[in-house]
Amino acid sequence: MEFATSTDLIYLNLLSSEGTFWTLLEKIAPTWMNVSIQMKEHEETDKTFGWVLEMYAYAVASALHGVQHILRKDFMIQPPFDTKLGNTFIIHFTYGCDYSLKGELTYGKIGEWRFDKQSFQNGPPPRNLTLPPPGVPESVVMLVKKVNEASANLPRWDDGI
């Protein structure tokens with residue numbers, strides 16, 4: 001399986017009847033910012049959407065400007081809840097991956113094997129992460145392998161660059 005590069009992803013939805021992705025982004029960015037601020041200042045909305053508020057504000061701003069997106073169910077997976085790789089383009093590292101040493105998801109509690117981005121708030125994950133135990137879904141295994149691949153190939157990984 002080959003995953004798309006960031007350049008490939010930009011080209012997935014570059015053109016519309018109104019121009020390029022960047023032209024559209026420039027058009028909606030001020031509205032996106034204003035909607036984000038309004039949502040953040042509204043206590044109930046802020047509480048409801050939390051840390052993903054700006055993502056929803058983007059969707060609102062796009063709709064207000066008539067920007068349409070091509071939705072692809074095979075675009076991304078989010079381990080540990082999406083377990084199969086399929087033909088997806090990206091792995092979105094959203095949720096913590098906690099498992100027992102038997103490969104069982106320990107949802108809601110820290111597992112014996114763990115990979116969670118919240119554990120690395122002060123710097124990047126270490127190089128050469130231990131792979132998950134047998135029985136863990138292929139999506140989680142691939143996520144850890146790709147992080148290991150990145151850390152092995154980026155000379156300044158340890159600097160967070």
message: Any residue at all in the stretch 84-107 that's at pLDDT 95 or above and of a type in the set (Phe, Trp, Tyr)?
response: yes
message: Suppose we keep only residues that are in a loop (DSSP other than H, G, I, E, B) and hydroxyl-bearing (Ser, Thr, Tyr) within the stretch 85-108. Which one would you say is farthest from THR23 (Cα to Cα)?
response: SER100
- prompt: Only one of (1) in a loop (DSSP other than H, G, I, E, B); (2) more than 14 Å from the chain's Cα centre (by Cα); (3) free of Cβ contacts under 8 Å to residues at least 60 places away in the same chain is not met by ASP82, so which one is it?
  reply: (2)
- prompt: Residues in the stretch 109-128: is at least one hydroxyl-bearing (Ser, Thr, Tyr) and either part of a strand (DSSP E or B) or at pLDDT 95 or above (or both)?
  reply: no
statement: Taking the stretch 50-79 and keeping residues among the hydrophobic types (A, V, I, L, M, F, W, C) and in a helix (DSSP H, G or I) leaves TRP51, VAL52, LEU53, MET55, ALA57, ALA59, VAL60, ALA61, ALA63, LEU64
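The values are calculated or read from the model by the stated rules, or taken from the named source; none is laboratory data. Since we're looking at a predicted model, the values are computed, not measured. Using ideal geometry, Cβ is built from the backbone for each residue, glycine included, and neighbour counts are taken over all protein chains shown.
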